[in-house]
Amino acid sequence: MNLHKDIKSKFNSDEQELLNYAELAAKKSYVKLYLVGGPVRDLLLGNVSHDLDLLIEGEIDLFIAEFNKITHSEPIRSSQFKTFKYKINDYEIDIALARTEIYQFPGSLPDITPGSITKDLYRRDFTINAIALQIFPKPYKIIDPINGIEEVRNKIIKIIHEKSFQDDPTRIFRALRYSTRLNFPIDKNTSTLINRDINYLNTLSAKRIINELFKYLTEKDIYKSLSSLTKYDLLHIIDRNFPTNENFVKHLNIFKEQIFSITDKELILLAILSSTMNTNKLNNFISRFSLSKRISRILIDLNKINKKISYISFMKRPSSIANLFDKYDVEALRIASIVTGNKKFTEHINNYLNIWAKIKPYNNGDEIIEMISIDKTKLSLIIEKLRNAQINGKINSKSDEKIFLEKLNKQLFK
Ligand code: CTP
């Protein structure tokens with residue numbers, strides 16, 4: 001198998017066009033240009049990649065100015081570390097300066113200094129991600145100082161140096177994610193080092209942890225991908241109040257139906273992770289991970305709803321269930337209906353969201369007041385009774401409602 005033979009022909013026409021633009025910009029700004037990381041790995045594997053990671057040796061600002069002119073575009077994001085992100089057609093293009101990184105302490109963001117392509121490849125996470133393709137100057141040529149191609153061929157996830165997980169413990173999450181995505185086992189020594197360095201995860205900010213967890217939700221097989229978090233007892237190293245591994249995997253079945261939006265997926269994952277917490281622990285979880293007000297409100301409601309599940313199954317009247325559900329955020333109910341494994345409960349929530357919450361009296365307020373001549377202050381009580389009667393199937397038409405109103409009037413006010 002000659003993985004890099006005629007690599008140029010492996011690009012599709014869109015990628016080739018973007019690379020031609022970048023090549024022209026490199027020529028005009030006198031810099032060296034490389035494609036690195038994921039796209040090279042995917043190209044070698046024959047997988048489709050929708051991002052292009054470009055690396056520059058030389059004056060990156062000059063390159064960016066030329067690239068903007070040629071593509072008639074501007075970066076959608078840039079950073080003080082001289083990284084630039086573009087979105088052109090369906091492609092995300094990341095452009096960065098070749099650099100070396102120094103980690104002042106484990107889990108910190110690195111200090112960077114410009115460096116050569118080789119040094120840049122050595123600072124990376126796994127050997128399969130440390131391969132570059134030189135785009136300019138021509139001809140295209142593979143740069144593979146760490147034998148990444150060999151590891152692609154061997155189908156293995158292997159780190160580049162012994163302190164990799166200490167420098168950047170997010171790589172533990174990345175190792176498992178690539179391992180499940182590509183179906184490549186984690187190399188034995190790499191696995192030993194994960195075990196050795198797993199507690200360095202505690203040096204990461206909660207925001208970086210949650211970002212890594214959310215990346216699992218962009219994988220094709222979310223179920224398989226998230227299930228891998230049970231290895232090395234990772235879940236409980238992050239937070240000992242997360243569900244047991246068995247419970248976690250059971251909940252993940254939800255992700256086998258890939259019908260949710262990304263924000264729903266994030267909420268569902270947070271709901272699963274916090275599903276066995278009491279109110280105090282949930283509040284700690286919310287503040288540790290700085291969850292937004294909206295998400296916190298939903299998780300708090302979900303927690304309350306979860307506690308009511310068994311109680312609700314004893315409730316006979318649909319209107320009592322609807323009145324209870326009225327107290328909660330609609331989003332929390334929607335997520336509860338997805339997350340709960342309880343069929344009856346899901347049926348109730350679906351009825352509430354699709355039917356009960358939308359029910360209105362057949363007559364409007366003025367008509368009701370006129371029909372039974374009550375004063376306005378009593379109207380909300382009457383409307384509540386009418387809604388409950390409709391939910392319970394006692395009113396099915398405008399005339400049913402009239403008869404019901406007359407009886408009610410007698411009972412309540414005469
Ligand atoms: N990288 C790293 N250490 C990290 C994150 C990223 O060394 N903690 C390097 C890797 O070389 C990786 C590249 O930066 O290939 C780009 O990172 P990212 O876009 O996250 O990954 P991709 O390799 O593009 O993989 P994916 O297919 O998941 O996008």
inquiry  = I need the helices (runs of 4 or more DSSP H) fully contained in region 340-395, keeping only those with at least 2 residues that are modelled with pLDDT under 85.
reply    = 365-372
Considering residues of region 162-200 that are touching a strand residue (DSSP E or B) at 6+ places or on another chain (Cβ under 9 Å) and of a type in the set (D, E) only, the residue modelled with the lowest pLDDT = D167
task = Can you tell me which residue among S296, S313, S319 is of a type outside the set (A, V, I, L, M, F, W, C) and surrounded by 19 or more Cβ atoms within 10 Å (Cβ to Cβ)?
result = S319
remark   = Picked from region 177-186 (must be more than 10 Å from the ligand (Cβ to nearest atom) and touching a helix residue (DSSP H, G or I) at 6+ places or on another chain (Cβ under 9 Å)), the residue farthest from K155 (Cα to Cα) is T180
message = Here's a check for you: in region 43-62, which residue that is part of a helix (DSSP H, G or I) and modelled with pLDDT of 95 or more is nearest to the ligand (Cβ to nearest atom)?
response = I60
ask   = For region 19-39, which residues satisfy the criterion of being in a helix (DSSP H, G or I), modelled with pLDDT under 95 and either crowded, with 20+ Cβ neighbours inside 10 Å or within 10 Å of the ligand (Cβ to nearest atom) (or both)?
value = L19, G38, P39
task = Could you grab me the full set of residues in region 351-380 that are farther than 15 Å from S320 by Cα and loosely packed, with under 14 Cβ neighbours inside 10 Å?
result = N354, K358, K360, N364, G365, D366, E370, S373, D375, K376, T377, S380
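Here's the yes/no breakdown for (1) of a type in the set (F, W, Y); (2) in contact with a Gly (Cβ under 8 Å, 6 or more places away or on another chain); (3) surrounded by fewer than 17 Cβ atoms within 10 Å (Cβ to Cβ):
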{"site": "N195", "(1), (2), (3)": "no, no, yes"}
{"site": "I198", "(1), (2), (3)": "no, no, yes"}
{"site": "A206", "(1), (2), (3)": "no, no, yes"}
{"site": "L213", "(1), (2), (3)": "no, no, no"}
{"site": "I222", "(1), (2), (3)": "no, no, no"}
{"site": "L234", "(1), (2), (3)": "no, no, no"}
{"site": "I238", "(1), (2), (3)": "no, no, no"}
{"site": "E246", "(1), (2), (3)": "no, no, yes"}
{"site": "F255", "(1), (2), (3)": "yes, no, no"}
request  = Could you pull out the residue among K215, K220, K207 that is within 14 Å of the ligand (Cβ to nearest atom) and assigned to a helix (DSSP H, G or I)?
outcome  = K215
ask   = In the set T203, T192, which member is over 27 Å from S292 (Cα atoms) and either over 25 Å from the mean Cα position of the chain (by Cα) or among the hydroxyl-bearing types (S, T, Y) (or both)?
value = T192
ask   = Would you call I237 assigned to a helix (DSSP H, G or I) and either away from the ligand (no atom under 16 Å from the Cβ) or on the phi > 0 side of the Ramachandran plot (or both)?
value = yes
inquiry  = Testing I95 on (1) within 20 Å of K158 (Cα to Cα); (2) of a type outside the set (G, A, S); (3) surrounded by 14 or more Cβ atoms within 10 Å (Cβ to Cβ), one condition comes back false. Which one is that?
reply    = (1)
ask   = Are there any pairs, at least 6 apart or on different chains, whose C-beta atoms fall under 6 Å, with the first in region 276-301 and closer than 17 Å to K207 by Cα and the second hydroxyl-bearing (S, T, Y) and part of a helix (DSSP H, G or I), and if so, which?
value = I286/S296
request  = Looking only at region 177-189, count how many residues are assigned to a helix (DSSP H, G or I) and either of a type in the set (V, I, T) or more than 24 Å from the chain's Cα centre (by Cα) (or both).
outcome  = 3
inquiry  = Quick check on region 63-84. Is at least one of its residues at pLDDT below 90 and among the basic types (K, R)?
reply    = yes
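The values are calculated or read from the model by the stated rules, or taken from the named source; none is laboratory data. Here the structure is a predicted model, which means the values were calculated and not measured. Reconstructed Cβ throughout: ideal geometry from the backbone, glycine too, with neighbour counts over all protein chains shown.
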